[in-house]
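Have a look at the structure below before the remarks.
The values are calculated or read from the model by the stated rules, or taken from the named source; none is laboratory data. Values in this document were obtained by computation on a predicted structure and should not be read as measured data. Note: ideal-geometry Cβ built from the backbone for every residue, glycine included; neighbour counts use all protein chains shown. Note: areas computed on protein heavy atoms with side chains; ligands, DNA, RNA excluded. Shrake-Rupley method; radii C 1.70, N 1.55, O 1.52, S 1.80 Å.
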Amino acid sequence: MHIYWTEITITDADAGTSVAGNEARNKVSTELSRPRDHKGLLIVGGDGETKPASVIYHGKTVSSELLLIVLRSIAAGLGKNWRFVYKESRSVKRVTEIYDRYKAEAHAEREGQNALRRPIPPYVIIGDGTAATVDHTTLRQSAWGKARVAPAEILHIGFEDPWSHYNQHKMGQFPQLLGLPGLAQRPALGGPNEDGKEDVTGPRDSTRFAADTRAERARLAEHVRANKRLLIATAYGPAVRPLELLRLAMSVLAIVPRGTTALHDSARGAILREGIDEDELNDMLLLAHPDHFPRYRLLLADTTAGLHWLYADKIDICTGAGKPRAVDETMVTSELYEAVRTRLWEPVERWDDAKKRRAILSGTEGLYRETDWSVGERYCVMGGGGVGVNMVERAEETDKWVDWLATKTLHESFPIGRNDILLKHPAASASERRGQPMRMDDFAYGRNDQLAVILPAEPKWRFGQGCDLDRVEEAAPRLRVTFKQSPDAKYDKVPSAPQMSKQPIPALIRDHDEQVSDLEGGAFKFYDSYARPQAIQDPRSYDRVIRCAGQDIREVGQAEKIAAMLELVPLVSPADGRMVGLQTKDESVRVLGAAATGNAALVSAEDAAVKKMRAYHETLPAQGRIIFVGFVFSALNVAEANHYFDPGNGKAPNTNVNTMSLEELEALLGDVDLARRIIEVRKKTQSGYVTIDELKGALVRHVRQVEQMPKGWEEKYDGWKSFDKTLNKQPHNIAKLVGGDEVLAEKIAQAREAVRRTDRALFDEIWKNREALKAKIKGELAKMAEFGRKGWKPSWDVPIAKLTTQYRPADALVY
């Protein structure tokens, strides 16, 4: 739209100069092309006919049509009557209508501007991964969560979910354990050959797991766009647009309460070591924290290490299991250390080619699909565990030679059968498949015995133990790696030779041909039969080092440092009193997921809630017990912290038999004995149960194994002398009277108490009621014998039908 106006004068209030005519028009046209604040134009005179309008210019406008800017400026000064006449033939009425409409909306616009100037502080979730997503969605699925968040909007601070960047790999859990609470998209469970289903007999595909988290974020985003609106100011007037799911791509360094002007020493030191400029940090801490601002301010670092403050009243910390460890400064030169390290504010989504091709990586960085695995031929993978397994698998996919070594032994990398396929049966093995690659669960005989020989399944691999990196140096075009004996590595799981316990673990490596090389001169020599790359003759020469040393949960950017100036106490589950997170006493700041449970330094091991948490952890299936940081454990704890299973919050209790606590089982089933037996069979499984029929079968096998009555029990019981005098004795005394059978004596004591509960009066005069008592106790023993044969009680049918093997479907999102 082209606007023609009467003669105007523009005055620059700052410079004290004026322009008119064509020069004024040109200046307005120039300024209107700049995307700036419209409030710089102010109409101060003119009647639109004979007296020209005068515009005071403060140097700030927006890109828009002159007419609308003028009308909005006039509308801000309500009560004045302004008219405009154009040289071009136009309807004055139309202009007036436009003006009247803007005048009517001026009040709403000012209210919107006020809201933008001092908005409601966001509800901050630090993190954007799985735990953060479970936190967000379970907060939005209950009245309790709505009350906690309202009236704020949730803002995530962090970089992209790392699982969305991982190369496709096999996880440490089967899919039946990874349908997380609150997420709408779950694994479709099936057999190994069912189309569209996930195989419940093998590990889950990592990309499917990442897709579930991504799908939930999309569900949250869609719901926000459909149900939330934001009033904004535009050059054309106030406007309403859909609200977006918010994420601030920065890292959080610290939470600083109002009134605090200095960081905790441990947090400050970690921040400076990470590379933050000390002067800038000091300047930021000198900035005032006004009383009318929210109570906390978060110190943020952007992707250039620039610092910023963000203010909030409520914060959830979901930073995960820690910052991945690569090499430390003592292992390399300072130049090499700076070249290969990644800082907290350098996420994988912003890596350049040099980062992708680094010669030294952490195990987590090696998992990223952005990492270029075309680099070189020979890799050193230092460190065991699940990530070490993933690195060897990735090396196999990319046809690399690999030396995989552990500071102790690699046995801890094979806690579950899923990993056994990396191993080979020793030639001396009793297995009929000796000398061949292992299948899943073939290594069951050696999982808990560090003396069991571990051999690589592939000719290009060597597997070692008892050593650590001593020095990594540049030796173009490769690296030169020197190893050292692990000083504190001692055997602690040697059931086949208890005398070896606490003895040093020797530093050695084995190749596919079962040849052993000891550590000599900082290296493990090659045997002639080892098929190494032709260009590599020095065993110390590697193209890349990947250090799988776990994650440092006490580093910068993690809960301990972020919340160093806050006092945290256990956040307790309403279901059973166990710790499911940490929080400040007023509940304004919470630490959730692995960030809370994986750091022993944040809690007292003697706290009752912590003890309950650790005891509960031991009842989970083996794949759910991952040093208090696994997804199975962490996601459930986050949901519990948000009262997702709290009947007092109007929610159904947890009925997933794979994760329910003993107290939850007892409350739901109303049968203490059945609840305890379920816990006993569950914790012996690798991956829990896919169906309730599987659980029933496990219970039957368990009962038949532990509840069988001893052979000849009736004859022994009938031959019990001095019944009336010894009935109330302890089991070990009763055993002497029933042929020394201690198992039968325990059963008699159980049957005695069962009769006492129903016929207490008979015990008042045992000598008179001797025959009746003996018959009733024998009747109870007969029931036990029948129970031991069948392995099932009919009374279990109804309560066990209340159980499921997955969490309930996700609830509707509420705001």
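For V402, the conditions (1) free of Cβ contacts under 8 Å to residues at least 60 places away in the same chain; (2) surrounded by 20 or more Cβ atoms within 10 Å (Cβ to Cβ); (3) touching a Lys or Arg at 6+ places or on another chain (Cβ under 8 Å) all hold with the exception of (1). If you go through the range 496-531 and keep only what is within 38 Å of the chain's Cα centre (by Cα), among the polar types (S, T, N, Q) and closer than 22 Å to K424 by Cα, you end up with just S496. Name the residue that is farthest from T261 (Cα to Cα), counting only residues in the range 293-310 that are of a type in the set (A, V, I, L, M) and crowded, with 18+ Cβ neighbours inside 10 Å. If we take residues in the range 293-310 being of a type in the set (A, V, I, L, M) and crowded, with 18+ Cβ neighbours inside 10 Å, then A301 is farthest from T261 (Cα to Cα). The residue pairs whose first member lies in the range 775-801 and is within 17 Å of A749 (Cα to Cα), whose second member is surrounded by 15 or more Cβ atoms within 10 Å (Cβ to Cβ) and among the polar types (S, T, N, Q), and whose beta carbons are closer than 7 Å, counting only pairs six or more residues apart or on different chains, are G788/Q708.
Which ones in the range 784-815 are outside any loop (DSSP other than H, G, I, E, B) and either in contact with a helix residue (DSSP H, G or I) (Cβ under 8 Å, 6 or more places away or on another chain) or more than 19 Å from V672 (Cα to Cα) (or both)? Lay out the reasoning, then the answer.
We begin by selecting, within the range 784-815, every residue outside any loop (DSSP other than H, G, I, E, B); these are 784-790, 794-800, 804.
Across the range 784-815, the qualifying residues are M784, A785, E786, F787, G788, R789, K790, W796, P799, I800, T804.
Among the residues of the range 429-445, those identified as of a type outside the set (K, R), farther than 22 Å from V381 by Cα and either in a loop (DSSP other than H, G, I, E, B) or under 27 Å from the mean Cα position of the chain (by Cα) (or both) are S429, A430, S431, E432, G435, Q436, M440, D441.
Can you spot a residue in the range 332-354 that is within 25 Å of E153 (Cβ to Cβ) and open to solvent by 40 Å² or more (accessible area, probe 1.4 Å)? Break it down stepwise before answering.
First pass over the range 332-354, keeping only residues within 25 Å of E153 (Cβ to Cβ): 345, 347, 349.
Those still in the list that are open to solvent by 40 Å² or more (accessible area, probe 1.4 Å) too: 349.
Checking the range 332-354: at least one residue is within 25 Å of E153 (Cβ to Cβ) and open to solvent by 40 Å² or more (accessible area, probe 1.4 Å).
For the range 153-170, indicate whether the set of residues that are closer than 23 Å to P653 by Cβ, of a type outside the set (K, R) and surrounded by fewer than 21 Cβ atoms within 10 Å (Cβ to Cβ) is non-empty.
The initial filter retains those residues of the range 153-170 that are closer than 23 Å to P653 by Cβ, namely none.
No.
L744 meets all of the listed conditions (1) out of contact with any Asp or Glu (no Cβ under 8 Å at 6 or more places or on another chain); (2) at pLDDT below 90 but one, namely (2). All conditions in (1) at pLDDT below 95; (2) open to solvent by 20 Å² or more (accessible area, probe 1.4 Å) hold for W720, with the sole exception of (2).
Scanning the range 759-773 for residues that are open to solvent by 30 Å² or more (accessible area, probe 1.4 Å) and either outside any helix (DSSP H, G or I) or closer than 22 Å to E707 by Cα (or both) yields D759, D764, E765, W767, K768, N769.
Looking only at the range 671-713, which residues are of a type outside the set (V, I, T), closer than 18 Å to F787 by Cβ and in contact (Cβ under 8 Å) with a residue 40 or more places away in the chain?
Restricting attention to the range 671-713, the residues satisfying the condition of being of a type outside the set (V, I, T) are 671, 673-677, 680, 682-684, 686-689, 693-699, 701-702, 704-705, 707-713.
Then drop every residue that is not closer than 18 Å to F787 by Cβ, which leaves 671, 673-677, 680, 695-699, 701-702, 704-705, 707-711, 713.
Within the range 671-713, D671, L674, L695, K696, L699, R701, H702, R704, E707, Q708, M709, W713 qualify.
Taking residues in the range 503-520 that are within 10 Å of P456 (Cα to Cα), and partners anywhere that are open to solvent by 60 Å² or more (accessible area, probe 1.4 Å), the pairs with Cβ atoms closer than 6 Å and at least 6 places apart or on different chains are H512/P459; D513/S529. Can we say F483 is closer than 18 Å to V402 by Cα and either outside any loop (DSSP other than H, G, I, E, B) or in contact with a strand residue (DSSP E or B) (Cβ under 9 Å, 6 or more places away or on another chain) (or both)? Answer is yes for this residue.
Suppose we keep only residues that are without any contact (Cβ under 8 Å) to a residue 40 or more places away in the chain and in a loop (DSSP other than H, G, I, E, B) within the range 533-571. Which one would you say is most open to solvent (accessible area, probe 1.4 Å)?
Selected residue: Q534.
Taking the condition basic (K, R) and in contact (Cβ under 8 Å) with a residue 40 or more places away in the chain, does R614 pass? Answer is no for this residue. Cβ-Cβ distances below 6 Å connect the following pairs, each with a first residue in the range 457-478 that is of a type in the set (D, E), a second residue that is open to solvent by less than 70 Å² (accessible area, probe 1.4 Å) and in a strand (DSSP E or B), and a separation of six or more residues or different chains: D470/T482; D470/F483.
I'd like to know if the range 579-599 contains one or more residues that are touching a helix residue (DSSP H, G or I) at 6+ places or on another chain (Cβ under 9 Å), surrounded by fewer than 17 Cβ atoms within 10 Å (Cβ to Cβ), small (G, A, S) and more than 22 Å from E216 (Cα to Cα). So that I can check it myself, show each step before the final result.
First, pick out the residues of the range 579-599 that are touching a helix residue (DSSP H, G or I) at 6+ places or on another chain (Cβ under 9 Å): 579-583, 587, 590-599.
If we keep only those that are surrounded by fewer than 17 Cβ atoms within 10 Å (Cβ to Cβ) as well, we get 587.
Now narrow it down to the ones that are small (G, A, S): none.
For the range 579-599, residues touching a helix residue (DSSP H, G or I) at 6+ places or on another chain (Cβ under 9 Å), surrounded by fewer than 17 Cβ atoms within 10 Å (Cβ to Cβ), small (G, A, S) and more than 22 Å from E216 (Cα to Cα): absent.
Going by the structure shown, is A564 closer than 28 Å to P459 by Cα and either small (G, A, S) or in contact with a Leu (Cβ under 6 Å, 6 or more places away or on another chain) (or both)? No; evaluated as a whole, the condition is false for this residue. Of all residues in the range 221-236, those being surrounded by fewer than 18 Cβ atoms within 10 Å (Cβ to Cβ) and either outside any loop (DSSP other than H, G, I, E, B) or modelled with pLDDT of 95 or more (or both) number 11. Taking first residues from the range 412-428 that are part of a helix (DSSP H, G or I) and partners that are basic (K, R), the Cβ contacts under 7 Å between residues at least 6 apart in sequence or on separate chains come to R418/K170; D420/R439; I421/R439.
Screening K716 on (1) out of contact with any helix residue (DSSP H, G or I) (no Cβ under 7 Å at 6 or more places or on another chain); (2) over 30 Å from T659 (Cβ atoms); (3) in a helix (DSSP H, G or I); (4) among the basic types (K, R) shows it passes everything except condition (1). Within the range 623-654, the set of residues being over 18 Å from the mean Cα position of the chain (by Cα) and not in a loop (DSSP other than H, G, I, E, B) comprises P647, G648, N649. Report whether or not D518 is assigned to a loop (DSSP other than H, G, I, E, B) and open to solvent by 40 Å² or more (accessible area, probe 1.4 Å). Here the answer is no, as D518 does not meet what is asked.
Checked against (1) open to solvent by 10 Å² or more (accessible area, probe 1.4 Å); (2) not in a loop (DSSP other than H, G, I, E, B), Y689 meets all criteria but (2).
Checked against (1) of a type in the set (A, V, I, L, M, F, W, C); (2) out of contact with any Leu (no Cβ under 9 Å at 6 or more places or on another chain); (3) crowded, with 21+ Cβ neighbours inside 10 Å; (4) modelled with pLDDT under 95, I120 passes all but condition (3).
Kindly indicate the residue of the range 723-740 that is of a type in the set (D, E, K, R) and assigned to a helix (DSSP H, G or I) and also modelled with the highest pLDDT among those meeting that condition. Step through it out loud before you land on a result.
At the first step, the residues of the range 723-740 found to be of a type in the set (D, E, K, R) are 724-725, 729, 736.
Still in the running and assigned to a helix (DSSP H, G or I): 724-725.
Numbers: D724: 84, K725: 87.
Per the criteria, the residue is K725.
P290 meets each of the listed conditions (1) modelled with pLDDT under 95; (2) open to solvent by less than 30 Å² (accessible area, probe 1.4 Å) apart from (2).
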